[in-house]
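Visitor: Sharing a structure here in structure tokens format.
No value in this document is a laboratory result; all are computed from the given coordinates. Keep in mind it's a predicted model, so treat the numbers as computed, not measured.
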Amino acid sequence: MSQYFDIGDETLWNPSNGAARLFLRQVEVFEAELGLPSGIGPMRNDECQIDPDAFAVFVHALLARHRRTGHTVILALSEGFVGTVVALAQRAGTDIDWGRLAASPDGPLSDVQVSATGVSAPPGDGGPWAAAVRARAAGLSRGMAR
């Protein structure tokens with residue numbers, strides 16, 4: 001069995017039930033963290049519609065938050081989800097302003113990590129950050145059946 005993530009009549013992703021269930025649970029976590037609806041779901045009869053307008057706002061907010069954190073554990077926990085969302089956004093034709101996101105974090109830094117080696121913050125040059133996110137999304141997209 002599998003599930004369908006669609007915009008209108010176009011299927012963006014057709015994962016297994018387990019992958020879809022885990023992804024949708026992560027969507028709930030990040031909706032709560034961002035205080036925004038994702039535009040994804042609910043899943044009904046193995047089909048999940050994505051609202052492109054709400055999804056675009058969610059994608060930008062998710063990327064902006066990801067860009068502002070330098071916390072190693074938070075990054076490790078969120079990078080797969082962020083990559084999956086970016087892959088879906090690219091398939092949906094969502095316009096992502098990588099230049100603006102990469103230039104400087106929108107808003108204050110969040111979840112700055114303090115450890116024995118000092119304070120960790122996002123790198124000042126967003127070019128490598130944006131390239132890394134896009135590369136992760138491209139790698140994931142290759143494994144995401146339609």
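Visitor: So what's the convex hull volume per residue for the Cα atoms of segment 1-106, in Å³?
Guide: Dividing the Cα hull volume of segment 1-106 by its residues yields 93 Å³.
Visitor: Let me ask another. Given the C-alpha centroids of segment 1-55 and segment 61-105, what is the distance between them in whole angstrom?
Guide: When both Cα centres are located, 17 Å separates them.
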